[in-house]
Every structure is written in C-alpha cells, then in structure tokens.
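J.: Could you have a look at this structure, given as structure tokens, before my questions?
The values are calculated or read from the model by the stated rules, or taken from the named source; none is laboratory data. Since the structure is predicted, the reported quantities are computational estimates derived from the model, not experimental observations. Note that each Cβ is placed from the backbone with ideal geometry, even for glycine, and that neighbours are counted across all protein chains shown. The accessibility values were calculated without ligands, DNA or RNA, using every heavy atom of the protein model including side chains. Shrake-Rupley method; radii C 1.70, N 1.55, O 1.52, S 1.80 Å.
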Amino acid sequence: MHLLESGEMYLETIYILSNENRSVRSIDICEYMGYSKPSVSRAVGLLKNGGYITVDPEGYIKLTDEGESIAVKIYERHTILTDLLVRIGVSRETAAADACKIEHDISDESFEAIKRLIGVDKG
C-alpha cells in the first residue's frame with residue numbers, strides 16, 4: 001500500500017511525539033497537528049489497517065517497524081531540508097514550512113545528493 005503525504009505526516013507526528021512523551025494518543029496528535037478528533041480518528045484507523053501503527057486497548061499508539069521506517073525517513077528529510085534552507089538565508093519558520101512540502105516529493109536520489117553536498121553522512 002502506497003502511503004499518501006497526509007499519512008506520512010501522521011507517522012512523522014507520531015514519531016516526534018513518541019520521542020517527546022513515549023506514549024501517544026489520538027488527542028496528542030489532534031493538539032500537535034491542529035486537526036479535529038474525527039479527522040485524526042479516521043487517519044489512525046487507516047494507518048492501523050495499513051500496518052503502520054498499533055493501538056492498544058487504552059488507545060496508546062505505537063509505530064510498527066514499517067511505520068517507524070517511513071517516519072524516520074520523513075523526519076530526516078524535514079530536518080535536513082529545513083537546515084539547508086536556513087543556511088541559505090531562509091527564516092526558520094519559512095524553511096520548516098517549505099521543507100514540509102518538499103520532504104514528501106523529493107526523490108531519494110536528489111535527497112542523497114543534497115546530503116552529500118552539505119556533508120551529512122547517512123546514519
């Protein structure tokens with residue numbers, strides 16, 4: 001199943017929140033992303049059905065290995081692209097917003113070339 005940009009954003013958010021709090025619930029995602037409870041509930045259901053997350057009986061959300069792999073990839077792209085844009089003179093706020101748009105569409109080849117250009121090693 002190919003994940004849409006919105007699904008990648010949810011996985012990235014779960015990854016970020018889990019690194020901050022360790023336990024993530026739908027309400028945390030609502031607050032972080034500014035989305036309604038029904039929207040988040042629908043996305044959580046789709047991600048669960050797709051095998052990207054698990055939800056325990058208390059409502060705590062965890063990334064599966066596949067979900068975490070995607071989240072880490074998107075988060076790395078976001079942070080590196082944001083830093084690159086800031087380095088070339090873009091404000092941090094604009095850089096973060098633009099990186100968020102680019103991170104989902106940039107090819108692996110182009111992203112790896114950017115990493116080589118700015119001296120970021122993999123890992």
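J.: Look at T54 and say whether it is part of a helix (DSSP H, G or I) and either free of Cβ contacts under 8 Å to residues at least 40 places away in the same chain or closer than 27 Å to K115 by Cβ (or both).
T.: So T54 fails the test.
J.: On to the next question. Answer yes or no as to whether I102 is open to solvent by 60 Å² or more (accessible area, probe 1.4 Å), under 18 Å from the mean Cα position of the chain (by Cα) and farther than 17 Å from Y52 by Cβ.
T.: Taking the combined requirement at face value, the residue satisfies it.
J.: When the residues of the range 49-94 are narrowed to those that are within 23 Å of I27 (Cβ to Cβ) and of a type in the set (S, T, N, Q), which ends up surrounded by the most Cβ atoms within 10 Å (Cβ to Cβ)?
T.: Selected residue: T64.
J.: If you don't mind, there's one more thing I want to ask. So which residues in the range 1-29 are at pLDDT 90 or above, open to solvent by 30 Å² or more (accessible area, probe 1.4 Å) and closer than 13 Å to V40 by Cβ?
T.: M9, R25, S26, I27, D28
Quick grid of which residues meet (1) more than 13 Å from E12 (Cβ to Cβ); (2) outside any helix (DSSP H, G or I); (3) under 16 Å from the mean Cα position of the chain (by Cα):
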| position | (1), (2), (3) |
| --- | --- |
| V72 | no, no, yes |
| R77 | no, no, yes |
| A97 | yes, no, yes |
| E112 | yes, no, no |
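J.: Residue check: is G123 part of a loop (DSSP other than H, G, I, E, B), modelled with pLDDT of 95 or more and open to solvent by 50 Å² or more (accessible area, probe 1.4 Å)?
T.: On the way: part of a loop (DSSP other than H, G, I, E, B): yes; modelled with pLDDT of 95 or more: no; open to solvent by 50 Å² or more (accessible area, probe 1.4 Å): yes.
It is false that G123 is part of a loop (DSSP other than H, G, I, E, B), modelled with pLDDT of 95 or more and open to solvent by 50 Å² or more (accessible area, probe 1.4 Å).
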